[in-house]
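K.L.:
Sending over a structure as structure tokens; questions will come in a sec.
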Amino acid sequence: MTNVAQAQPKNRTQDLQQQLHDLQENIADLKARAEGHLDHGRTKDAMDLLARVATLRQHAQEVEADLSANAAPSFPSRRMSEAVTR
């Protein structure tokens, strides 16, 4: 029997890893598009995309911090461990 409280951190970790992966893909895509705009002389469009890249990078840093915090071992509260042993 799996304790639901113990299963949640793993799911949370997987969710955060997927979010980070998606953000990294979006950042790479936007950077490539910005380079394409620069190649065609569309500086304003490129700058708009790079501003979005900066926002996504900030969000990625927040997700990485959450992921690091989530990876730290957490011990169930005494009340929870008592409930599991009953």
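Values quoted throughout were computed directly from the atomic coordinates according to the rules given, and no laboratory measurement underlies them. Computed from a prediction, not measured in an experiment: that's the story for all the values here. Reconstructed Cβ throughout: ideal geometry from the backbone, glycine too, with neighbour counts over all protein chains shown.
K.L.:
Rounded if a/c is under 1.5, else prolate if a/b is larger than b/c, else oblate: which is region 30-71, with a ≥ b ≥ c the root eigenvalues of its Cα gyration tensor?
P.N.:
prolate
K.L.:
Work out, step by step, the length gained on full extension between HIS21 and GLN61: first 0.36 nm times the residue separation, then minus their alpha carbon distance; give nm to one decimal.
P.N.:
Working: separation 40, 0.36 × 40 = 14.40 nm, distance 1.20 nm.
Stretched fully, the HIS21-GLN61 segment lengthens by 13.2 nm.
K.L.:
Quick check for me: using +1 on Lys/Arg Cβ and -1 on Asp/Glu Cβ, what's the dipole size of region 30-71 about its Cα centre, in debye to the nearest 20?
P.N.:
On the way: 6 positive and 7 negative charges, 39 e Å.
For region 30-71, the charge dipole is close to 180 debye.
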